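Here is the structure we will look at, set down as structure tokens.
Each value in this text was obtained by applying a stated rule to the coordinates, not by laboratory testing. Since the model is a prediction, treat every value here as computed from it, not as a measurement. Cβ atoms come from the backbone with ideal geometry, glycine included; neighbour counts cover every protein chain shown.
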Amino acid sequence: MSIRNELVEHNKRLVEVAKKAGVETNRDYAVFQNQGYKGLYGGLGAKDIHQRKGLKKSHKILDHMGSTELAANLFRATQTEEKLRRDEVVGKSNANQTHFHVGAKVRKTIEELDGTMPENLPTPSQSIQQLEKLEQFNKLEKG
């Protein structure tokens with residue numbers, strides 16, 4: 001669960017850096033985010049991932065990932081943030097390309113390690129929120 005929280009924080013930083021590059025509106029950011037997913041998930045965008053995981057429209061993809069998948073997404077987010085900063089990327093098109101490219105590189109690394117591609121990882125039976133509630137309940141029971 002801490003990986004999920006860390007990913008939330010890094011996504012906030014990624015938004016700030018992407019904004020400096022020219023990703024300004026919510027729509028721009030949705031496209032930008034989708035490019036990262038497409039790189040990492042072999043061409044699958046957010047809608048495709050939702051469908052593949054059997055999620056409702058209201059569900060957040062990140063809340064329905066196991067630790068391996070969260071870690072891959074965390075690596076994608078941190079490396080995209082660093083690359084946008086380091087290369088001083090300008091323009092939303094360039095930012096989108098960078099996010100896609102980094103996602104694809106993370107995917108290639110998983111492939112080279114004979115790992116399971118993110119889209120083929122199992123979806124946890126419970127969301128992060130459900131697991132956190134269960135954890136809090138168990139703490140109350142013990143204490």
*asked:* From the mean inverse distance of alpha carbon pairs (Kirkwood) and the Cα radius of gyration, derive Rg over Rh for region 1-50.
replied: 1.00
*Nearest 20 debye, what's the magnitude of the dipole of the chain about its Cα centre given +1 on Lys and Arg Cβ and -1 on Asp and Glu Cβ?*
400 debye
*Given a cut-off of under 8 Å on Cα pairs at least six residues apart, what relative contact order in percent is computed for the chain?*
37 percent
*Obtain the radius of gyration and the Kirkwood radius of the chain from its C-alpha atoms and give Rg over Rh.*
1.01
*Using a simple spin-label model with points 7 Å from Cα along the Cα→Cβ vector, what separation in nm is obtained for GLN51 and ARG86?*
3.5 nm
*Set Lys and Arg Cβ to +1 and Asp and Glu Cβ to -1, take the dipole of the chain about its Cα centre, and tell me which of ALA46, GLY36, ASN11 lies farthest positive.*
ALA46
*Show me 70-80, 91-101 ranked by packing, highest mean number of other Cβ atoms within 10 Å first.*
70-80, 91-101
